[in-house]
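*Asks:* Here's a structure for you.
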Amino acid sequence: MQIGMMGLGRMGANMVRRLMRDGHECVVYDINPASVAALVGDGALGAASMAEFVGKLAKPRCVWLMLPAAITGKIIDQVAALMEPGDIVIDGGNSYYHDAVDQAAKLAAKGIHLVDVGTSGGVWGLERGYCLMIGGPDVAVQHLDSVFATLAPGADAGAPSPDKAAGTAPFGYLHCGPSGAGHFVKMVHNGIEYGVMAAYAEGMNILKSANAGKRQRTADAETSPLENPQYYQFDIDLPQVAEVWRHGSVIGSWLLDLTAGALKSDPGLAQFGGRVSDSGEGRWTLKAAIDTGVPAPVLSSALFDRFSSQGESEFSDKLLSAMRYAFGGHVEKPKAGK
Ligand SMILES: O=C(CO)[C@H](O)[C@H](O)COP(=O)(O)O
């Protein structure tokens, strides 16, 4: 079928390529003309303005947006102003689900459907496919089924193909509920992502310190005494451990695959400074947990750890030292070398 894609960054452009590879017709638009030109070179129909883009779409028009959350609402308003009842806007970015609920109500008043699609797959999606978490009215979601089927990974290679009548989840896409439900599920997915990532990172860091007893013989002995140095004499090969865990262990996952790849190519992770950014979904997940009174200690710890990595605990850490000094005259020890 025909689909319009606006926002041709790493995700949007590769989604267009995957759609065209499966025979869909794609009309594309981006504020960067070079991004449009690249996909026109691959067979898409390009547009130089939003009006031209919408004008090139057959009715009912289907416009898929892959934009940063901060500008998505504004662009939905602009594109919807050019659309008609029965048309469909699809938001595939990491937008806040509250915005999807509110936008859907606004568009519904004009007869336009909003379908929110949490899209996971990152830069690997072109080849692996994208896991799609979908919210929106049945009629619009059903209309887009062939697009979702193409973008999603599909049935596992080699496994017997599941019966679609029993649901689309085994194919990698799921209609989760009305508008907002897709972004809600994707938000929690990303909250979980923080926790899983933190678990691997913390575990690997403990393994990295398994030789701390050896370091005791050096300068650190005075600054951070280790009670039983004989138990910490292991030089663990982290890339190899990550690799072996990928084969048959309980904690195998795609994130572990990526972790193993990163450690293999750069065991000291020299290209990273360790300031871990966050784009909002972890914060929103915790807001939902607080609103609904659901405990989420792992996810909150992982989020707050990111804030610390961004330097946000520096003042509170200094204040802790100030209090220790004030009540007991305790002075800070120099940082232990690793
Ligand atoms: O949707 C994604 C993966 O599924 C995002 O790319 C990822 O979650 C990045 O988020 P953050 O910047 O908060 O780490």
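The values are calculated or read from the model by the stated rules, or taken from the named source; none is laboratory data. Every value quoted in this text rests on a predicted model; they were computed, and no experiment measured them. So basically every Cβ, Gly included, is an ideal-geometry build from the backbone, and we count neighbours across all protein chains shown.
*Asks:* Looking at this structure, is His143 more than 14 Å from the ligand (Cβ to nearest atom), of a type outside the set (Phe, Trp, Tyr) and either in contact with a helix residue (DSSP H, G or I) (Cβ under 7 Å, 6 or more places away or on another chain) or at pLDDT below 95 (or both)?
*Replies:* Details: more than 14 Å from the ligand (Cβ to nearest atom): yes; of a type outside the set (Phe, Trp, Tyr): yes; either in contact with a helix residue (DSSP H, G or I) (Cβ under 7 Å, 6 or more places away or on another chain) or at pLDDT below 95 (or both): no.
For His143, the condition - more than 14 Å from the ligand (Cβ to nearest atom), of a type outside the set (Phe, Trp, Tyr) and either in contact with a helix residue (DSSP H, G or I) (Cβ under 7 Å, 6 or more places away or on another chain) or at pLDDT below 95 (or both) - is not met.
*Asks:* A follow-up question, please. Taking the stretch 17-39, which residues are part of a helix (DSSP H, G or I) and either within 23 Å of the chain's Cα centre (by Cα) or not basic (Lys, Arg) (or both)? Spell out the reasoning first.
*Replies:* Quick first cut of the stretch 17-39, residues part of a helix (DSSP H, G or I) only: 17-21, 33-39.
Answer for the stretch 17-39, where residues must be part of a helix (DSSP H, G or I) and either within 23 Å of the chain's Cα centre (by Cα) or not basic (Lys, Arg) (or both): Arg17, Arg18, Leu19, Met20, Pro33, Ala34, Ser35, Val36, Ala37, Ala38, Leu39.
*Asks:* Just the residues that are closer than 14 Å to Ile134 by Cα and within 15 Å of the ligand (Cβ to nearest atom), please, taken from the stretch 146-169.
*Replies:* Leu151, Ala152
*Asks:* The conditions are (1) closer than 23 Å to Arg21 by Cβ; (2) modelled with pLDDT of 95 or more, and Asp116 fails exactly one of them. Which is it?
*Replies:* Against the list (1) closer than 23 Å to Arg21 by Cβ; (2) modelled with pLDDT of 95 or more, Asp116 comes up short only on (1).
*Asks:* Return the only residue of Val89, Val79 being in contact with a helix residue (DSSP H, G or I) (Cβ under 7 Å, 6 or more places away or on another chain), crowded, with 19+ Cβ neighbours inside 10 Å and either not in a strand (DSSP E or B) or not aliphatic (A, V, I, L, M) (or both).
*Replies:* On the way: Val89 fails: either not in a strand (DSSP E or B) or not aliphatic (A, V, I, L, M) (or both).
Testing whether each residue is in contact with a helix residue (DSSP H, G or I) (Cβ under 7 Å, 6 or more places away or on another chain), crowded, with 19+ Cβ neighbours inside 10 Å and either not in a strand (DSSP E or B) or not aliphatic (A, V, I, L, M) (or both) leaves just Val79.
*Asks:* In the stretch 41-50, what residues are surrounded by 13 or more Cβ atoms within 10 Å (Cβ to Cβ) and in a helix (DSSP H, G or I)? Steps first, please.
*Replies:* We begin by selecting, within the stretch 41-50, every residue surrounded by 13 or more Cβ atoms within 10 Å (Cβ to Cβ); these are 42, 44-47, 50.
Answer for the stretch 41-50, where residues must be surrounded by 13 or more Cβ atoms within 10 Å (Cβ to Cβ) and in a helix (DSSP H, G or I): just Met50.
*Asks:* So which pairs qualify, if the first residue must be in the stretch 13-38 and farther than 19 Å from Gly122 by Cα, the second must be part of a helix (DSSP H, G or I) and of a type in the set (Phe, Trp, Tyr), the Cβ gap must be under 7 Å, and the two must be at least 6 apart or on different chains?
*Replies:* Once the first residue is farther than 19 Å from Gly122 by Cα and sits in the stretch 13-38, its partners that are part of a helix (DSSP H, G or I) and of a type in the set (Phe, Trp, Tyr) give Val27/Phe53; Tyr29/Phe53.
*Asks:* For the structure I just gave you, tell me whether Arg10 is under 13 Å from Gly93 (Cα atoms) and surrounded by fewer than 14 Cβ atoms within 10 Å (Cβ to Cβ). Working first, answer last.
*Replies:* Details: under 13 Å from Gly93 (Cα atoms): yes; surrounded by fewer than 14 Cβ atoms within 10 Å (Cβ to Cβ): yes.
Spelling it out, Arg10 is indeed under 13 Å from Gly93 (Cα atoms) and surrounded by fewer than 14 Cβ atoms within 10 Å (Cβ to Cβ).
*Asks:* May I ask you to list the residues in the stretch 100-128 that are within 16 Å of the ligand (Cβ to nearest atom), part of a helix (DSSP H, G or I) and touching a strand residue (DSSP E or B) at 6+ places or on another chain (Cβ under 9 Å)?
*Replies:* If the condition is that a residue be within 16 Å of the ligand (Cβ to nearest atom), part of a helix (DSSP H, G or I) and touching a strand residue (DSSP E or B) at 6+ places or on another chain (Cβ under 9 Å), then Ala100, Gly125 are the ones that fit.
*Asks:* Here's something else I'd like to know. Quick one: how many residues across the stretch 170-204 are within 15 Å of the ligand (Cβ to nearest atom), more than 18 Å from Asp278 (Cα to Cα) and surrounded by fewer than 17 Cβ atoms within 10 Å (Cβ to Cβ)?
*Replies:* Total meeting the criteria: 0.
*Asks:* Since Ser277 meets every condition but one in (1) assigned to a loop (DSSP other than H, G, I, E, B); (2) more than 26 Å from Ala69 (Cα to Cα); (3) within 19 Å of the chain's Cα centre (by Cα); (4) among the polar types (S, T, N, Q), which condition does it not meet?
*Replies:* (2)
Here is a yes/no grid of residues against (1) of a type in the set (S, T, N, Q); (2) modelled with pLDDT of 95 or more:
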| position | (1), (2) |
| --- | --- |
| Gln78 | yes, yes |
| Ala81 | no, yes |
| Gly86 | no, yes |
| Ala108 | no, yes |
| Gly121 | no, no |
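*Asks:* Cβ-Cβ distance below 9 Å, separation of 6 or more or different chains: which pairs start in the stretch 93-112 with a residue that is acidic (Asp, Glu) and end on one that is more than 16 Å from the ligand (Cβ to nearest atom)?
*Replies:* As it stands, the answer is Asp99/Gly73; Asp99/Ile76; Asp99/Gly180; Asp102/Gly73; Asp102/Gly180, since those pairs meet every condition given.
*Asks:* Hey, can you tell me all the residues within the stretch 4-16 that are in contact with a Leu (Cβ under 9 Å, 6 or more places away or on another chain), over 18 Å from Val54 (Cβ atoms) and assigned to a helix (DSSP H, G or I)? I'd like the intermediate steps shown before the answer.
*Replies:* Restricting attention to the stretch 4-16, the residues satisfying the condition of being in contact with a Leu (Cβ under 9 Å, 6 or more places away or on another chain) are 4-9, 12-16.
From what is left, the residues that are over 18 Å from Val54 (Cβ atoms) are 9, 13-15.
Passing the criteria: Ala13, Asn14, Met15.
*Asks:* Ser179: over 16 Å from the mean Cα position of the chain (by Cα) and assigned to a helix (DSSP H, G or I), yes or no? Write out each step before concluding.
*Replies:* Working: over 16 Å from the mean Cα position of the chain (by Cα): yes; assigned to a helix (DSSP H, G or I): no.
Answer is no for this residue.
*Asks:* Return a yes/no flag: does the stretch 94-101 have any residue that is out of contact with any Ser or Thr (no Cβ under 8 Å at 6 or more places or on another chain) and within 17 Å of Arg61 (Cβ to Cβ).
*Replies:* Here is the first cut: in the stretch 94-101, the residues out of contact with any Ser or Thr (no Cβ under 8 Å at 6 or more places or on another chain) are 96-98.
Now drop any that are not within 17 Å of Arg61 (Cβ to Cβ), which leaves none.
The answer is no, given that none of the residues of the stretch 94-101 is out of contact with any Ser or Thr (no Cβ under 8 Å at 6 or more places or on another chain) and within 17 Å of Arg61 (Cβ to Cβ).
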